[in-house]
1. For the pair S192 and E93, what calculated FRET efficiency results from E = 1/(1 + (r/R0)^6), where r is the Cβ-Cβ distance and R0 = 45 Å, to the nearest 0.05?
2. DSSP loop (so not H, G, I, E, B), at most 10 other Cβ within 10 Å: list which chymotrypsin sites (Phe, Trp or Tyr not before Pro) in the stretch 184-258 pass both filters.
3. Subtracting the Cα-Cα distance from 0.36 nm times the residue separation, let me have the gained length for H201 to K164 in nm, one decimal.
4. Long-range amide H contacts for G241: which residues qualify at under 5 Å (H placed 1.01 Å from N, peptide plane, sequence gap of 5 or more or a different chain)?
5. Using 0.36 nm per residue, how much length does the chain from T144 to Q239 gain when fully extended, once their Cα-Cα distance is taken away?
6. Kindly state, as a whole number, the per residue volume in cubic angstrom of the convex hull around the alpha carbon atoms of the stretch 136-227.
7. Per residue, what volume in Å³ does the Cα convex hull of the stretch 150-196 take up?
8. Take F252 and C62, extend 7 Å from each Cα along the Cα→Cβ direction, and tell me the distance between the two endpoints in nm.
Amino acid sequence: QGPAFPFLALEEKRGDWGARGVSSGLLEGASLCPEWCGKAALSPGLQRARACVVLVAGSLNCVEWSLLPPATEEMVAQAEQLKGRFQGDPSFEYEHIEINAADAERLFEDGKEPMIKEEARLLATIEQIDKAVGIIPRGAFVKTPLGSVHENRNFEGLSLTEAKKLSSYFHFTEPFNLKNKTLLEKADLDPSTDFLDSLEHDIPQGSWTVHLEKGDTVVVLRSLLWLGLTFYHVPMTKQYGYVYFGTGEKNFDLPFML
């Protein structure tokens, strides 16, 4: 096995999102090389257009950094088809990527053979992880009647009882399940705080674990879909965040493990 892969990603919400930081990243990989590392400051999902600043930087020595472009739709489409661990070389090219005909026609109109570099795969993987398992506590952000989303400056944390429930945490990206709820199901929801998808409805069921640590003073959630993603929240405080340390591989075997 090769050395660890020292990739770090730091996420910071700005503009309408406020200034609270949430961290995520890639660290460690049996076949990855220490010469290549990256750092990113990404605005979380719920839309990049809301005055959010997106910064992505990479480095070959983890001392000198240079800006890199954010992940594109094309990068994500290609990265989703790749399997296996990173090679440890940012210039390494993955070829013969198989994607469906519709995506191929839309993304590769010039007729070139689908190809993606490891650097682009890394950026796309961060985007995938952030979108799939980037989460926040209920009430940390509020939605105004005009549709804008802001950090809730009155948020003082979840109670210990609520903090132990998956229903108290939301995916910080555009909701999908919420749009499919009936009017009767939405009747008990607060539109100012319950405007995102709750973790309790994630498929497959059981893809999150909840633990209490430090004498029941910290609640820790771990994703079994993206192994290495850990979220923490200190009940009755504004302290929360998440970090990812892993090989950048999605756990496709999860439905068969539950």
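Throughout, read-outs are computed from the coordinates displayed, never taken from laboratory work. These figures come from a predicted structure and were not determined experimentally. Note that we place each Cβ from the backbone using ideal geometry, even for glycine, and neighbour counts take in every protein chain shown.
1. Numbers: r = 47 Å, r/R0 = 1.05.
FRET efficiency, E93 to S192: 0.40.
2. On the way: sites: F195, W208, W226, F231, Y232, Y240, Y242, Y244, F245, F252, F256; in loops: F195, W226, F245, F252.
For chymotrypsin sites (Phe, Trp or Tyr not before Pro) across the stretch 184-258 that sit outside H, G, I, E and B with at most 10 neighbouring Cβ atoms in 10 Å, the list reads F252.
3. Details: separation 37, 0.36 × 37 = 13.32 nm, distance 1.54 nm.
Net length gain for the segment: 11.8 nm.
4. It is Y232, by chain and number.
5. Numbers: separation 95, 0.36 × 95 = 34.20 nm, distance 2.31 nm.
Contour length minus Cα-Cα distance gives 31.9 nm.
6. Details: hull volume 11.0 nm³, N = 92.
Each residue corresponds to 119 Å³ of Cα convex hull volume.
7. On the way: hull volume 4.6 nm³, N = 47.
Per-residue hull volume (Cα only) is 98 Å³.
8. My value for the distance between the label points is 3.1 nm.
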